[in-house]
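**Q** Structure incoming, see below.
The values are calculated or read from the model by the stated rules, or taken from the named source; none is laboratory data. Predicted, not measured: the structure shown is a model, and the values here were computed from it. Cβ placement follows ideal geometry from the backbone for every residue including glycine, while neighbour counts extend to all protein chains displayed. These accessible areas exclude ligands, DNA and RNA; they are computed on the full protein's heavy atoms, side chains included. Shrake-Rupley method; radii C 1.70, N 1.55, O 1.52, S 1.80 Å.
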Amino acid sequence: MRRNGEKIKMIRVTDAWFILTLFFIIAFGYLFFLGDYILFFQEQQSLFLYSAAYINDFFIKPGGLLDLAGRFLTQFYISKFAGSIILAAVLSTPGIILFYVNRRLIPGSAFSAFLFLVPSCMLMLMQTHYYHLMMYNLGFLLVIVYFHIWLSAEKKTIRYLVLALFPLFFYLTGAYAAIFICLFILYSLLYIEGPHKYYYPLFILAATGISAVVFNEILLLQTFKQLVLFPLPFINDTAHKVLFWLLTGLLILYPVISRLAGTLKPVKRNIIPAGLILPVIVLAATVIMLITGFNSQTARVINVEKLVFEEKWEDAVEYQEKYPAENLIGEFFYNVALSETDQLCDRLFYGRQDFGTASLILGWSSEHLNWGAYSFYTTGLINEAQRWAYEEMVVYGMRPQNMKMLTKTSLLTGNYRLAMKYTGIMKNTLFYKPWAREFEKLAKDTALVRSHPELGNKLKILPGSDFFIHLESPEANLPLLVDENPGNRRAFEYMMSWLLLGKNVDILVNNIRLMKNMGYTRIPRHIEEAILIYYNSMGKFPDLGGLPVSNETMMRFDQYFAAYMQARQNPSLLQETMKKDFGNTFWYYFHFK
């Protein structure tokens, strides 16, 4: 009998590890193949520095060390493989700990695997939101770990000693300690016999009160709101909020649920299949929700952002055209990438342009601080790019991209000491140190800036003299940039693209005469298309400054005009018909957008 009992027990443990391994594989597979954009986005949210000044700031409030630990792990998201491994392991660990908790609470129950798996699955679903940070996972995990440590203590003296460490736990986890308090009190009332079922809750409540007073009034001087709320997730997403409260409720009521599960009489012969059916159903439901809930648009926006941040301009153009992001930021980065590859007025309408001129230059707001510098940087308005990057750093803290932008703009404006400061900060990171050393060399030997493949080209398009920047209408800076440096073709094409997206054909054609003196040997495709709209309306060509309109564009316009006249006979299908063959032209944009 003992051997049979040991065999059953061994199978249960094996099955539990099989279920947890399967969950790990699912989590890793999702993060590596579909959710890798989450890893990139979160890695970009902060710059982890190995410096005392940076680390000390996390010690001044309860939950700060939880935040520090989360940021430490998040820095490894720079590698998609490492990030997926780390995050999948952290998401799996609550299930592992609860497996051992269940062996004490509900030994032999067929519901054990179901109960220890559900929290990990909920965390996995919460993790699909790109603002769900590592510290939130760690907060829930530490609640479970601390409960398991207390539960594993056999002697009452040891248990009181573990509870005496609650102020430290409160300091480490912040508001997550409240979840533990509720969980612990319910467990004591349901599972503990004798007077200690009341002594334990009173002890933990007393420890909580003392901790709150000490943190609030004496040591850390935290407000009551900070003590109660930080670092709980408050993400403005209904699904995430529902999952958060469900998971919180599940952990708090875990003793109650376990007690109910323990009352079910186990059937020895069927316990293994029964113990597997529910977890498999939970895993299957999780996979279905992961797939059906996958936000492809968010993924596309962040993926094109990643390509731009990595300066893979051609790849960014190709990606947006193949997997269009129907989002302002995605289209903004597409236009930046077109500018950086000198094909803005040739391919502007090959990608989606749903936001008009707004996708060329982002409006000043905290919402756009992360990205707005790039349009100014690509057009040579370096001081404004620096202002945006600096404001982003002030509002959101040091991030890889704002520090890179500040370094490069400092070098371009000749502020080499400031560039040294920024590279010195980035040298305190684990993964951005090589980049910092490369640009530190430029700050030390300033002659290298002109020969640098990126910065050297930026120097060539800088304005010849300073001028007052238009903050409220940034597009007004574009003609000033062209006037101050006629060789700045990127600013010129940004200006012409602004006119194209605004359908200001009359103003656009008046600028074409400038192109030959700027070094153009041909007129870009979409500008030619605008010229033919002007010609069709006015019956004559504008001053082209000696540059011809290509025969190819003339022939395409004849085809467009003929197709338009034929298609307008069926107005309900007019736009769809024209989009099929001419959706990548200014003509289609002019008539249908």
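**Q** Could you please report the charge total around Asp558, scoring K, R as +1 and D, E as -1 over all other residues with beta-carbon less than 14 angstrom from its beta-carbon?
**A** On the way: positive: Arg556; negative: Glu528, Glu529, Glu552, Asp581.
That sum, taken over residues with Cβ under 14 Å, equals -3.
**Q** Once both labels are modelled 7 Å past Cα along the beta-carbon direction, what's the His196-Tyr396 spacing in nm?
**A** Placing both labels 7 Å along Cα→Cβ, they lie 5.1 nm apart.
**Q** At Lys579 and Glu314, where each label point lies 7 Å from the Cα along Cα→Cβ, what is the point-to-point distance in nanometres?
**A** A separation of 3.0 nm, rounded to one decimal place.
**Q** Next up: Under a 1.4 Å probe, what is the accessible area of the chain per residue, stated in Å²? Could you put the intermediate results ahead of the total?
**A** Numbers: 27950 Å² over 593 residues.
Result: 47 Å² of accessible area for each residue.
**Q** If Lys and Arg each add +1 and Asp and Glu each add -1, what is the summed charge of the other residues whose beta carbon sits under 12 Å from the beta carbon of Lys433? Working shown, then result.
**A** Working: positive: Lys427, Arg437; negative: Glu438, Glu440.
Once positives and negatives cancel, what remains is 0.
**Q** Another one. State to the nearest 20 debye the size of the charge dipole of region 445-593 about its Cα centre, where the only charges are +1 on K and R beta carbons and -1 on D and E beta carbons.
**A** Numbers: 16 positive and 16 negative charges, 78 e Å.
Approximately 380 debye in magnitude.
**Q** Could you order the peptides 580-589, 53-62 from most to least packed, using the average number of other C-beta atoms within 10 Å per residue?
**A** Details: 580-589: 19.1, 53-62: 14.9.
Packing proxy ranking, top to bottom: 580-589, 53-62.
**Q** Something else about it: By per-residue mean of other Cβ atoms within 10 Å, what is the highest-first order of 380-388, 114-122, 188-196?
**A** Details: 380-388: 22.2, 114-122: 24.3, 188-196: 12.7.
The packing order, highest mean first, is 114-122, 380-388, 188-196.
**Q** Among Met495, Leu471, Tyr535, flag the residue with its Cα farthest along the positive direction of the charge dipole of region 462-593, charges on Cβ as +1 for Lys/Arg and -1 for Asp/Glu.
**A** Ranked along the dipole, the leading option is Tyr535.
**Q** Tell me what the chain gives for mean residue ellipticity at 222 nm when only DSSP H runs of n ≥ 4 count, each as -39,500 (n - 2.57), the sum divided by the residue total, rounded to 500 deg cm²/dmol.
**A** Working: 33 runs with 399 residues, N = 593.
-21000 deg cm²/dmol, from helical runs alone.
**Q** Here's a follow-up. Going by Cα centres, region 449-465 and region 24-62 are how many Å apart?
**A** 34
**Q** Next question. Does anyone have the angle between helix 433-444 and the longest principal axis of the chain? Alpha-carbon axes, 0 to 90°, nearest 10?
**A** Tilt relative to the chain: about 40 degrees.
**Q** Can you find, among Leu202, Val304, Gly424, the residue sitting farthest towards the positive end of the charge dipole of the chain, where Lys and Arg contribute +1 and Asp and Glu -1 at Cβ?
**A** Going by the charge dipole, the pick is Leu202.
**Q** Contour minus end-to-end for Ile149 and Asn216, with contour as 0.36 nm per residue of separation and end-to-end as the Cα-Cα distance?
**A** Details: separation 67, 0.36 × 67 = 24.12 nm, distance 2.73 nm.
Net length gain for the segment: 21.4 nm.
**Q** Then there is this: What spacing in nm lies between the two simple spin-label points modelled at Lys516 and Tyr131, each 7 Å away from Cα in the Cβ direction?
**A** Those two pseudo-labels are separated by 5.5 nm.
**Q** Is the shape of the chain rounded, prolate or oblate, going by the alpha carbon gyration tensor and its root eigenvalues a ≥ b ≥ c, with a/c under 1.5 for rounded and a/b larger than b/c for prolate? Mind showing how you got there, number by number?
**A** Numbers: a/c = 3.14, a/b = 1.92, b/c = 1.63.
Taking the square roots of the gyration eigenvalues as a ≥ b ≥ c, the chain is prolate.
**Q** If you don't mind, there's one more thing I want to ask. For the chain, give the percent of accessible area contributed by carbon and sulfur heavy atoms, probe 1.4 Å, rounded to a whole number.
**A** Numbers: 16950 of 27950 Å².
Carbon and sulfur atoms account for 61 percent of the accessible area of the chain.
**Q** For Lys408, go through the lysines and keep the ones whose alpha-carbon is under 27 Å away, minus same-chain ones fewer than eight residues off.
**A** List returned: Lys80, Lys306, Lys312, Lys421, Lys427, Lys433, Lys441, Lys444, Lys458, Lys460.
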